[in-house]
């Protein structure tokens, strides 16, 4: 068994070559890993359900406070992420170039979670544009949480 999204994506990239989730060049792979880890390692750990539930159970946070926590940590990472994506010539239709990859998978997952907590995406036009480009692809639409057999 392989657990953890980043490890699973790296495994898939190494064992299922098409479509690649990482670029062929070392610098491109490092950039995509950096973008992916900004979301998977900075935003997600403090905003996963285990943490959000602990805020309620251990510290008595109400729904409004949990939402404020969630939005704070998203914005703390999305602000520099938006700037990096907007300023880099390596950003194309997707986070890195014109084909989706690992960073786009992380980004779409986070933007999907953001909707549950009413994160204002207005300050993040590049992130929103990339998310929209991903959601035009059948693979991303099929993978959406609401399209899973266990969706509530």
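Where a number appears in this text, it was derived from the coordinates with a stated rule and is not lab data. Keep in mind that this is a model prediction, so the values were computed, not measured. Don't worry about glycine lacking a Cβ; one is built from the backbone with ideal geometry, like all the others, and counts go over all protein chains shown.
The table that follows gives values for the structure above.
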quantity: Sites residue 139 and residue 68 - FRET efficiency at Förster radius 35 Å, r taken between beta-carbons, to 0.05; calculated: 0.55
quantity: Extension gain, residue 122 back to residue 7 (0.36 nm per residue minus Cα-Cα distance, nm); calculated: 38.3 nm
quantity: Between the range 108-152 and the range 7-49, the Cα center-to-center distance that results, in Å; calculated: 17 Å
quantity: For the chain: rounded, prolate or oblate by the Cα gyration tensor [a/c cutoff 1.5]; calculated: prolate
